[in-house]
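I have placed the structure first, in the form of structure tokens, so that the comments after it can refer back to it.
The values are calculated or read from the model by the stated rules, or taken from the named source; none is laboratory data. All values derive from a computational prediction rather than experimental measurement. Note that we place each Cβ from the backbone using ideal geometry, even for glycine, and neighbour counts take in every protein chain shown. The area values use the complete protein model at the heavy-atom level, side chains included, leaving out ligands, DNA and RNA. Shrake-Rupley method; radii C 1.70, N 1.55, O 1.52, S 1.80 Å.
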Amino acid sequence: MRAIWIVAVLLGFALEFALAGPASAQVPELAQPQATAVLQPDAVQAPPPADVGRPALTRADLEAWLDGYMPYALQTGDIAGAVVVVVKDGEVLLQKGYGYADLAKRTPVDPAKHLFRPGSISKLFTWTAVMQLVEQGKLDLDADLNQYIDFEIPPRDGKPATLRQVMTHTAGFEEQIRGLISSNPDEIVPLGEALKRWVPERIHEPGTTPAYSNYATALAGYIIERVSGETFDDYIDRHIFAPLGMAHSSFRQPLPARLLADMSKGYERASDGKPRDYEFISLAPAGSLAATGTDMAKFMIAHLQDGAYGDARILREDTARQMHTTGQASVGPLNRMMLGFYETSLNGHRAISHGGDTSWFHSDLQLFLDDGIGLYVSMNSSGRDGAPLAIRDNLSEGFADRYLPGPPAPKAAVSAADAKLHAQQVAGAYGSSRRPDSNFMSIVNMLGSVKVFPNEDGTISVSMALDASGAPKKWREISPYVWQDVASGDRLAADVTDGQVTRFSMEPYAAIMVFQRLPWWKSPGLVLPLLGLSLLALLATVLAWPLSALVRRHYRASYMLSGSDARAHRIVRIAALAVLVVTVAAFGLVLFMMSDLERLGPGSDILVNTMRLFALVVLPLGALAALWSCWQVLRSRRRRWAKAWSIVLALACLFLLWIGILHHLPGYGAFY
């Protein structure tokens, strides 16, 4: 659920900052247990490959390949344990545990026993439940969803929010961050209450802009409750878990005692060995699932078989296909958002998927629809330097390259001159569509903008798109305004209006967010230097206060100013100190809170409201004081440097007031 933004997208948002963290010290060797595997009969092995030299997807070859990758990946990534499940043609081909579910007890991961937290993969169950009610005629994907709830989601541009928009993350909601994940069960309130206490603004035109939303998913869960007459947990238990025989899965918080005993521990890093508290998700339909690998296999098989699992059926065949094939376009030809699933086709093989992250668990689910293959992986540690994200991406791409190869990458069909021109057109600063916008947390947008820049060899790079070595990936243009990563099949595309690039996106993010070009007055190349210079001017003024007094005392010199000049001099120094303290405190508080999801909750409300109230008073009064002082100095007979500095201070205070207003610092309230 971490949308990185956390990612530092993000923010985005809860994807990226839960994965990010300081590099750990040298990791001690962990003795890896014998991997726990539940092997299936040879009858489900894939037929021999048609092309010579290509490995066949058999249980033996798959297990050997995974055994060669997963232990090393976990060790180098400082991850305690993982579960991997592969299904094919309606059967489990292999399900296997790696590493430990409990480091202290040295308990090996058992895919049939130990529950992991799939994070936002939970959403697929919510979307499946929505489609069950759609096929029963109880829900309409294109109706105003206000008819299903007991509070109002305001229209945007006169357009209501619909379930189709919700399922494709195009309802236009800004990012909600507050209280998303907590270790305190007392912070979890009933779903309806959680949704009503703050409705995020709809900042995008409905149906046009992907912006991943946990709030919107939870809203769908609430609609399920109201339309079905059952609690969300009861509905999922009865209508999805029971038909599929998923007896070791639950959305309930706290986890039922019979399941809690088999819950894998979560860790920040395997090397510290400290288990973390169970994570409670405030918007449960968006990410509170706990499940075994064996149970996740059943869910994958049901979707691969268009809703059928054995004699049970959770969706009609036509409903499942509608869910899997109805796409909401993003940018250009990039992979789309289906009804709940991401499109993630690899090597020409049609695929849909979903990823998921809590603070400690990181997971991915891939379904290769035409090949009847499903792949699920979940890890129980955040590891070092975003290792889980790299591991799961490498796993799915490596799996596809080994067992589902495709045609060679297309050759560039763009001239060198056009490639250079298009690279210059796309270059610039962009902001994520998945962002907080109407509250003080929008500061992260200024600090975390995305830059696109051209390279000398005709390729382009994106500041947030890094390879395994930490260097920016290179994207080569293969058709007009469509680029491909030179080391993979991922693509990047841009929308162009009147010769100007307005937005771009890149795989694998294209289904859930786009990056919109920032106007010049929000460009970090302008705003951040001005911010730094403004703070530096205030700091210099504040430091000059005691230093000048010490110098006068040392040389026994008198204070040269009197009357209104002296009063203006003192007032502007006090204003500079107050504005400096409030601005630094605001930015510091945001960075402090973003460094730990536990701080993004009620426990920080007092700090947030105190900061905002001080900003409400100090920033406007500081700007007024600086302007008044500037007026006094300019009218006086003081030296030119004093007059020039008074103008600098006035401009600095005005700029910081503008920054505060732009990012909603002054005020009261702790919803974000």
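Values for this structure:
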{"quantity": "Boolean, Y148 is hydroxyl-bearing (S, T, Y), open to solvent by 40 Å² or more (accessible area, probe 1.4 Å) and at negative phi", "calculated": "no"}
{"quantity": "Looking only at the range 263-286, and only at residues there that are assigned to a loop (DSSP other than H, G, I, E, B) and of a type in the set (S, T, Y), the one that is modelled with the lowest pLDDT", "calculated": "S282"}
{"quantity": "Scan of the range 618-635 for residues that are of a type in the set (A, V, I, L, M, F, W, C) and over 42 Å from the mean Cα position of the chain (by Cα), ordered by number", "calculated": "W628, C630, W631, V633, L634"}
{"quantity": "Some residue of the range 587-608 being farther than 15 Å from L447 by Cβ, open to solvent by less than 70 Å² (accessible area, probe 1.4 Å) and more than 23 Å from the chain's Cα centre (by Cα)", "calculated": "no"}
{"quantity": "Top-ranked residue of the range 53-83 - restricted to ones that are among the charged types (D, E, K, R) and in a loop (DSSP other than H, G, I, E, B), ranked as nearest to K105 (Cα to Cα)", "calculated": "D78"}
{"quantity": "When residues of the range 508-534 are limited to those that are assigned to a strand (DSSP E or B) and over 22 Å from D364 (Cβ atoms), the one most open to solvent (accessible area, probe 1.4 Å)", "calculated": "R517"}
{"quantity": "Qualifying position, being at pLDDT 95 or above and either buried (at least 16 other Cβ atoms within 10 Å of the Cβ) or in contact with a His (Cβ under 7 Å, 6 or more places away or on another chain) (or both), among E91, E63", "calculated": "E63"}
{"quantity": "From the options G332, G431, G340, residue that is assigned to a strand (DSSP E or B) and either at pLDDT below 95 or surrounded by 19 or more Cβ atoms within 10 Å (Cβ to Cβ) (or both)", "calculated": "G431"}
{"quantity": "Qualifying position, being within 17 Å of I236 (Cβ to Cβ) and under 23 Å from the mean Cα position of the chain (by Cα), among G327, G340", "calculated": "G340"}
{"quantity": "Matching entry among L561, L550 (being more than 30 Å from A171 (Cα to Cα) and assigned to a helix (DSSP H, G or I))", "calculated": "L550"}
{"quantity": "Test for G68: is it more than 26 Å from F232 (Cβ to Cβ) and free of Cβ contacts under 8 Å to residues at least 24 places away in the same chain", "calculated": "yes"}
{"quantity": "Test: L538 is within 30 Å of R637 (Cα to Cα), open to solvent by less than 30 Å² (accessible area, probe 1.4 Å) and modelled with pLDDT of 95 or more", "calculated": "yes"}
{"quantity": "Residue in the range 166-213 that is most open to solvent (accessible area, probe 1.4 Å), counting only those that are among the basic types (K, R) and assigned to a loop (DSSP other than H, G, I, E, B)", "calculated": "R197"}
{"quantity": "Hey, A302 of a type outside the set (S, T, Y) and assigned to a loop (DSSP other than H, G, I, E, B) or not", "calculated": "no"}
{"quantity": "Positions within the range 584-608 being touching a residue at least 60 places away in the same chain (Cβ under 8 Å) and not in a helix (DSSP H, G or I), in sequence order", "calculated": "S595, L600, G601"}
{"quantity": "Strands (runs of 3 or more DSSP E) (entirely within the range 439-507) containing at least 1 residues that are out of contact with any helix residue (DSSP H, G or I) (no Cβ under 9 Å at 6 or more places or on another chain) and of a type in the set (G, A, S)", "calculated": "460-462, 475-479, 491-497, 500-506"}
{"quantity": "The listed residue being crowded, with 19+ Cβ neighbours inside 10 Å, touching a His at 6+ places or on another chain (Cβ under 8 Å) and not acidic (D, E), out of S629, S646", "calculated": "S629"}
{"quantity": "Residue match in the range 561-577 (condition: closer than 20 Å to N439 by Cα, open to solvent by 40 Å² or more (accessible area, probe 1.4 Å), among the hydrophobic types (A, V, I, L, M, F, W, C) and touching a residue at least 12 places away in the same chain (Cβ under 8 Å))", "calculated": "no"}
{"quantity": "Within the range 376-390, tally of residues that are open to solvent by less than 10 Å² (accessible area, probe 1.4 Å) and over 16 Å from the mean Cα position of the chain (by Cα)", "calculated": "7"}
{"quantity": "Test: P154 is part of a loop (DSSP other than H, G, I, E, B) and more than 29 Å from P254 (Cα to Cα)", "calculated": "yes"}
{"quantity": "Single residue of the range 218-234 satisfying the filter (free of Cβ contacts under 8 Å to residues at least 60 places away in the same chain and farther than 15 Å from I188 by Cβ) that is surrounded by the fewest Cβ atoms within 10 Å (Cβ to Cβ)", "calculated": "G229"}
{"quantity": "Residue selected from the range 130-145 under the condition in contact with a helix residue (DSSP H, G or I) (Cβ under 7 Å, 6 or more places away or on another chain) and outside any helix (DSSP H, G or I), by the criterion surrounded by the most Cβ atoms within 10 Å (Cβ to Cβ)", "calculated": "L139"}
{"quantity": "Hits in the range 194-224 - residues which are polar (S, T, N, Q) and over 18 Å from D157 (Cβ atoms)", "calculated": "N214, T217"}
{"quantity": "Residues located in the range 460-503, provided they are acidic (D, E) and within 23 Å of T208 (Cα to Cα)", "calculated": "D490, D495, D498"}
{"quantity": "Wholly within the range 214-262, helices (runs of 4 or more DSSP H) carrying at least 2 residues that are touching a helix residue (DSSP H, G or I) at 6+ places or on another chain (Cβ under 7 Å)", "calculated": "214-228, 232-236"}
